[in-house]
């Protein structure tokens, strides 16, 4: 199962607790201080040959993003930084137990987000426990990368350099897309749009760079197919729970029935190679990144799959209701 990326803008604004601001600022500063240019990395004896190939691929993906896709040009991912461990940041998400409604963290200027990021897992676990004590479902997941759409130029975490080229391209393109549009209080739109751009444009990148029938493209298509199967399993769970929560049942009965749905869902996901303990927070965290992806595909198809036109459309949407505006643009009401 994919590791999500994190749009970290919210955590870098005032209005949070001083301890949290200090934690995030110091974690980000450590990453920035350790960064080196991609060019310097190519001659770094501390990096393996595979990691150096990863750096070269990142440079190629950046060029594709700016020159072919039409994403906003930036210095993001023009450098890399050494990171210990597979998870760069840890995301806490929460949800109501009897309905599919996310817990939201609100930040001045940036708006509300259905997740909160931490650089240390123990701090994320404490936040998870705080939500559980208040009666919410909660979940902690690891994020492979993040983006700060401010004046910083974010480095590529070294942990990504060993990734296969397809998933690497999808993640880098996802992150770079955050620099082209951002709709306040619409995290699900921002992340789902970035997921669509990342995964779809990555296939275009591989086709242009390696050709049809190449192992790189074939492997990526197989990866996307497995990701789609997992996403469909989550969609089925969401629909089942939506029906359950719409019934007028006693809370105890709702909780009993939802546990049956979750256990069956866990068995289905295990068959797809995903081992996870389900609750509403897990479902909504997944949905934040993959909501209505077919809608973005229809919009892209309407523009002849010309990326610059699709990006211009996304940037022009009504900030009060980007999903509704996009749906109207493709004739979906």
Among the residues of the range 237-263, write down those that are surrounded by 14 or more Cβ atoms within 10 Å (Cβ to Cβ) and within 19 Å of residue 284 (Cβ to Cβ). 237, 238, 240, 241, 244, 245, 254, 257, 258, 261, 262
Quick one: would you say residue 273 is in contact (Cβ under 8 Å) with a residue 24 or more places away in the chain and out of contact with any helix residue (DSSP H, G or I) (no Cβ under 6 Å at 6 or more places or on another chain)? yes
Residue 133 fails exactly one of the following numbered conditions: (1) buried (at least 20 other Cβ atoms within 10 Å of the Cβ); (2) closer than 30 Å to residue 242 by Cβ. What is the number of that condition? (1)
Hey, among the residues in the range 99-114 that are modelled with pLDDT under 90 and assigned to a loop (DSSP other than H, G, I, E, B), which one's nearest to the chain's Cα centre (by Cα)? 110
Can you tell me which condition residue 299 does not meet? The list is (1) without any contact (Cβ under 8 Å) to a residue 40 or more places away in the chain; (2) over 19 Å from the mean Cα position of the chain (by Cα); (3) surrounded by fewer than 17 Cβ atoms within 10 Å (Cβ to Cβ); (4) within 26 Å of residue 112 (Cβ to Cβ), and all the others hold. (3)
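Can you pull out every residue in the range 115-125 that is loosely packed, with under 14 Cβ neighbours inside 10 Å and in a helix (DSSP H, G or I)?
122, the sole residue that qualifies.
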Among the residues of the range 255-270, is there at least one that is in contact with a helix residue (DSSP H, G or I) (Cβ under 6 Å, 6 or more places away or on another chain) and in a loop (DSSP other than H, G, I, E, B)? no
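So that you can scan it fast, the table gives a plain yes or no per residue for (1) farther than 25 Å from residue 291 by Cα; (2) outside any loop (DSSP other than H, G, I, E, B); (3) touching a helix residue (DSSP H, G or I) at 6+ places or on another chain (Cβ under 9 Å); (4) modelled with pLDDT of 95 or more:
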{"residue": "170", "(1), (2), (3), (4)": "no, yes, yes, yes"}
{"residue": "175", "(1), (2), (3), (4)": "no, yes, yes, no"}
{"residue": "182", "(1), (2), (3), (4)": "no, no, yes, no"}
{"residue": "197", "(1), (2), (3), (4)": "no, yes, yes, yes"}
{"residue": "200", "(1), (2), (3), (4)": "no, yes, yes, yes"}
{"residue": "204", "(1), (2), (3), (4)": "no, yes, yes, yes"}
{"residue": "221", "(1), (2), (3), (4)": "no, yes, yes, yes"}
{"residue": "225", "(1), (2), (3), (4)": "no, yes, no, yes"}
Go over the candidates 79, 93 one by one and state the one that is more than 19 Å from residue 181 (Cα to Cα), surrounded by 19 or more Cβ atoms within 10 Å (Cβ to Cβ) and modelled with pLDDT of 90 or more. 93
Return the pairs, sorted by first residue and then second, in which the second residue is buried (at least 22 other Cβ atoms within 10 Å of the Cβ), the first residue lies in the range 61-77 and is without any contact (Cβ under 8 Å) to a residue 60 or more places away in the chain, the beta carbons are less than 6 Å apart, and the residues are 6+ apart or on different chains. none
Among the listed residues 331, 304, identify the single one that is surrounded by fewer than 17 Cβ atoms within 10 Å (Cβ to Cβ), modelled with pLDDT of 95 or more and farther than 23 Å from residue 104 by Cα. 304
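The values are calculated or read from the model by the stated rules, or taken from the named source; none is laboratory data. These numbers were taken from a predicted model, which means no experiment stands behind them. Cβ: placed from backbone, ideal geometry, glycine included. Neighbour counts: every protein chain shown.
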